[in-house]
């Protein structure tokens with residue numbers, strides 16, 4: 001296993017900052033659809049609750065970016081646009097698709113955060129502690145999504161693969177640029 005160094009930690013913070021902001025944007029897109037076209041107050045409440053966690057995560061990484069003088073990914077404006085579009089579009093398809101969007105992203109983040117946890121040493125105790133907590137929040141979001149009807153059957157199987165592939169690509173790009 002690769003041991004972490006300063007560059008790894010910078011990549012971790014850069015990509016996690018982008019990812020948590022991306023999650024907020026996905027939920028913003030879902031809420032935009034729920035407030036304008038799709039009326040589902042129960043789903044809206046669940047999305048708002050999950051978005052609160054993502055805001056907490058994003059604020060932490062925003063502070064780390066500034067404190068450690070790390071440049072955010074140059075792709076933030078694109079990720080913002082794609083996140084809102086993904087959230088909005090998945091919600092227009094229906095509740096099952098909106099919840100699959102959450103589940104698919106959270107499954108990628110689960111593996112992503114676990115890889116970071118495995119690489120962080122004791123000199124980054126606070127960062128490691130936060131990532132462990134944030135991973136638990138993301139797993140909770142995944143569980144909510146499945147409880148609320150996320151499915152990978154039929155068309156949703158393809159949707160899951162597309163969302164996961166896009167998330168993995170965004171992670172790789174955001175680590176470096």
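Scanning the stretch 112-129 for residues that are assigned to a helix (DSSP H, G or I) and under 23 Å from residue 173 (Cβ atoms) yields 112, 113, 114, 115, 116, 117, 118, 119, 127.
For (1) under 16 Å from the mean Cα position of the chain (by Cα); (2) under 20 Å from residue 51 (Cα atoms), each residue gets a yes or a no:
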| residue | (1), (2) |
| --- | --- |
| 136 | yes, yes |
| 139 | yes, yes |
| 145 | yes, yes |
| 152 | no, no |
| 155 | no, no |
| 158 | no, no |
| 164 | yes, yes |
| 172 | yes, no |
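So, residue 140, is that one within 20 Å of residue 97 (Cα to Cα) and either at pLDDT 95 or above or assigned to a helix (DSSP H, G or I) (or both) or not?
Details: within 20 Å of residue 97 (Cα to Cα): yes; either at pLDDT 95 or above or assigned to a helix (DSSP H, G or I) (or both): yes.
Yes.
Evaluated against (1) touching a residue at least 40 places away in the same chain (Cβ under 8 Å); (2) more than 19 Å from the chain's Cα centre (by Cα), residue 39 falls short on exactly one condition, (1).
The values are calculated or read from the model by the stated rules, or taken from the named source; none is laboratory data. Everything numeric here is computed off the predicted structure, so don't read it as measured data. Glycine gets a Cβ as well: all are built from the backbone with ideal geometry, and neighbour counts include every protein chain shown.
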